[in-house]
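Taking it in order: structure first as structure tokens, then the write-up.
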Amino acid sequence: MRSRMLKRLASVTSSTFAAAGVLLVAVAGTAPAAAQTSDLVSKTAFRVCADPANLPMSDRSGAGFENKIAELMASKLGLPLEYMWFPMATGFIRKTLQANACDVVIGYAQGDELVLNTNHYYTSAYVLIAVSNSPLAGVTTLADPLLKGKRIGVIAGTPPATHVARNGLMPKAKGYHLMVDRRYEDPADDMLADLKSGLIDAAILWGPIGAPLVKASHPDLKVTPLLSEPTPPKLFYRITMGVRQGEKVWERKLNSLIRRNQSEINAILTAAGVPLLDDMGTGPLEMPK
């Protein structure tokens with residue numbers, strides 16, 4: 001889940017609170033609609049909305065870590081797994097979840113208003129990737145003087161781009177497209193190829209994308225989570241499952257599944273190489289022994 005995920009991370013907003021009287025009227029007026037919406041969830045299959053060409057997260061072969069989490073959830077529900085494949089680009093939610101072609105998006109940033117979020121099932125961060133024997137391999141913040149004058153790869157329009165600009169790194173930075181159909185364009189792989197060839201000196205990627213790619217194919221690169229930025233925007237995010245607005249019964253059922261199977265979910269993420277952080281994004285997750 002690359003382009004859509006990155007856009008969501010760049011646009012997450014805080015919820016607003018209504019006055020008590022207005023809230024009661026709103027709840028009373030929407031209760032029947034909410035019940036009808038919940039009835040849309042399939043009783044015969046675990047229907048997942050996913051990108052067919054979005055490794056390391058998902059793909060049609062089932063090799064992505066989100067595919068494996070979907071398989072786990074389906075098995076716990078005792079239902080067959082079915083996919084609605086659609087590229088993670090403009091219109092993804094409208095043409096999949098909102099069209100009732102599926103019932104859940106496995107990875108969705110907490111706080112996005114397009115979906116109803118479950119409880120988060122992992123927290124991760126953007127990472128800096130550099131050649132292992134490079135001086136940049138020890139950099140933990142985009143304010144580090146070692147980055148001055150360096151060529152940094154960054155996805156345009158994402159939160160790290162703000163830090164790149166604030167720290168005066170933009171003149172030599174190389175931007176990569178945000179909203180793409182990965183069947184035809186692959187910004188993350190292109191960025192890592194440019195790093196290996198020396199066209200850029202370091203790459204900034206969303207950790208659940210960049211770190212698994214490095215683990216799978218680039219043993220000579222080092223991944224460092226960016227946890228030390230002193231100013232906004234934040235570079236860590238909590239990831240949930242997304243369902244249709246109003247589907248509270250379905251959301252609670254998924255919350256229960258996540259809670260009861262968190263250790264198995266963590267094992268899938270760890271095996272893929274996803275950087276797992278504590279809930280506050282301050283350091284690595286303490287895994288139970």
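The values are calculated or read from the model by the stated rules, or taken from the named source; none is laboratory data. None of the values given here were measured: they were computed from a predicted structure. Methodologically, a virtual Cβ is constructed for each residue, glycine included, from the backbone with ideal geometry; neighbour enumeration extends over all protein chains shown. In case anyone asks, the SASA skips ligands and DNA or RNA and just uses the protein heavy atoms, side chains included. Shrake-Rupley method; radii C 1.70, N 1.55, O 1.52, S 1.80 Å.
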Across LYS76, LYS215, LYS174, the residue with the highest GNM fluctuation in the chain (Cα network, 10 Å cutoff) is LYS76
Please name whichever of PHE65, SER217, LEU254 sits farthest to the positive end of the charge dipole of the chain, dipole taken about the Cα centre and charges placed at Cβ: Lys and Arg +1, Asp and Glu -1.
LEU254
Over 26 Å (Cα to Cα) - which of LYS150/LYS196; LYS148/LYS174; LYS68/LYS150; LYS148/LYS222; LYS76/LYS248 fall in this group
LYS68/LYS150
Grab the DSSP H runs of the chain that are 4 residues or longer, score each as -39,500 (n - 2.57), total them, divide by all residues and round the 222 nm result to the nearest 500 deg cm²/dmol.
-10500 deg cm²/dmol
Here the percent of antiparallel bridges among DSSP beta bridges lying wholly in the stretch 107-226, to the nearest 5, is 60
Translational diffusion coefficient, Stokes-Einstein: compute it for the stretch 247-289 using the Kirkwood radius over C-alpha pairs as Rh, at 37 °C and 0.692 mPa s, and state it as an integer in µm² s⁻¹.
279
So, R0 is 41 Å and r is the distance between the beta-carbons of HIS177 and LYS76; what FRET efficiency does that work out to, to 0.05?
0.65
Choose one answer from LEU269, LEU169, LEU146: the residue with the largest mean-square fluctuation in a GNM of the chain with alpha-carbon springs under 10 Å.
LEU146
Give, to the nearest whole percent, the P(r) tail of the chain beyond 35 angstrom, counting all Cα pairs.
20
Counting DSSP beta bridges with both partners in the chain, what percentage is antiparallel, nearest 5?
60
To the nearest 20 debye, the chain has a Cα-centred charge dipole, built from +1 on Lys and Arg Cβ and -1 on Asp and Glu Cβ, of 140
Would you please classify the overall shape of the stretch 56-124 from the alpha carbon gyration tensor, given that a ≥ b ≥ c denote the square roots of the eigenvalues, rounded means a/c under 1.5, and beyond that prolate means a/b larger than b/c while oblate covers the rest?
rounded
A 1.4 Å probe over the protein heavy atoms gives the chain a carbon and sulfur accessible-area percentage of 58
Can you compute the charge dipole magnitude of the stretch 149-188 about its Cα centre, using +1 on each Lys and Arg Cβ and -1 on each Asp and Glu Cβ, nothing else charged? Give it in debye, rounded to the nearest 20.
240
So for the stretch 155-273, Kirkwood radius off the Cα pairs, Stokes-Einstein at 20 °C and 1.002 mPa s: how many µm² s⁻¹?
127
Just add up the charged neighbours of GLU264: K/R +1, D/E -1, any other residue whose Cβ is under 12 Å from the Cβ of GLU264.
+3
